[in-house]
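Each remark here refers to the structure printed beneath this line.
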Amino acid sequence: MFSFKKKYHLVIVCTANRTRSAYFSEYLRHYLKKYRPEAFRRLKITSAGTKAVSGGRPNDVVALIARNNGFSLRGHTANPVTKRVIKDADLVLTMEQVHKDDILKKHPEGEGKVFRLMEYGWQGDDEVGRLDVPDPTGKNAEDFREFIETAHAEADRLLHELVHNQII
């Protein structure tokens with residue numbers, strides 16, 4: 001008899017699903033394939049945007065940064081947050097409080113599984129703006145550098161949290 005265990009479904013959300021969630025979800029996949037392939041087999045990672053237009057291509061700057069970091073966003077296309085996305089997800093991590101609020105307003109069934117990325121597992125004080133991941137789109141190189149540093153640090157912290165919670 002075969003035993004099939006459902007993969008844990010993690011959804012990463014930003015506004016247009018072209019910069020932050022696109023980069024972060026692909027970076028997580030890249031990291032897991034390279035350093036934790038056994039965990040990658042137990043985790044499904046997708047991304048979406050609260051205002052995404054289906055099929056939108058990744059931001060050119062973040063696509064170049066991804067290539068420079070050893071992975072590609074070539075196969076990524078934007079997807080909107082839908083009722084089905086929320087229903088199928090085990091955990092939804094947003095980049096900002098506004099994304100979390102928008103999702104929970106439209107999909108109250110997501111309560112308990114929608115968090116801001118930086119608040120998931122966070123044990124410190126919560127200042128709304130401090131736990132948001134700012135959008136570098138249309139800004140300068142320093143803003144992109146800060147986003148990438150934050151994304152890499154948060155990916156590491158998130159993976160430790162998923163291990164701690166025995167998800168992966």
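The values are calculated or read from the model by the stated rules, or taken from the named source; none is laboratory data. Since the structure is predicted, the reported quantities are computational estimates derived from the model, not experimental observations. Heads up, the Cβs are rebuilt from the backbone with ideal geometry, glycines too, and the neighbour counts pull from every protein chain shown.
Of the residues A78, A66, which single one is closer than 13 Å to A16 by Cα and surrounded by 14 or more Cβ atoms within 10 Å (Cβ to Cβ)? Result: A78 is the single residue among A78, A66 that is closer than 13 Å to A16 by Cα and surrounded by 14 or more Cβ atoms within 10 Å (Cβ to Cβ). Exactly one residue among R116, R36 is of a type outside the set (A, V, I, L, M), surrounded by 13 or more Cβ atoms within 10 Å (Cβ to Cβ), within 29 Å of Q166 (Cα to Cα) and in contact (Cβ under 8 Å) with a residue 60 or more places away in the chain, and that residue is R36.
Residue by residue, here is whether (1) over 16 Å from Y27 (Cβ atoms); (2) charged (D, E, K, R); (3) touching a residue at least 24 places away in the same chain (Cβ under 8 Å); (4) in contact with a Phe, Trp or Tyr (Cβ under 9 Å, 6 or more places away or on another chain) holds:
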| residue | (1), (2), (3), (4) |
| --- | --- |
| Q97 | yes, no, yes, no |
| K100 | yes, yes, no, yes |
| I103 | yes, no, yes, no |
| G110 | yes, no, yes, no |
| R145 | no, yes, no, no |
| E149 | no, yes, no, no |
| H152 | no, no, yes, yes |
| H160 | no, no, no, no |
| I167 | yes, no, yes, yes |
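Looking across E38, E26, one residue alone is at pLDDT below 95 and of a type in the set (D, E, K, R). It is E38.
Residue under question is G55, and the condition is that it be in contact with a Ser or Thr (Cβ under 6 Å, 6 or more places away or on another chain) and either in contact (Cβ under 8 Å) with a residue 12 or more places away in the chain or closer than 22 Å to I167 by Cα (or both); does it hold? So G55 passes the test. Please name all residue pairs, on different chains or six or more residues apart, with Cβ atoms under 7 Å, provided the first residue is in the stretch 9-30 and is without any contact (Cβ under 8 Å) to a residue 12 or more places away in the chain and the second residue is in a helix (DSSP H, G or I) and surrounded by 24 or more Cβ atoms within 10 Å (Cβ to Cβ). Correct list of pairs: empty, since none qualify.
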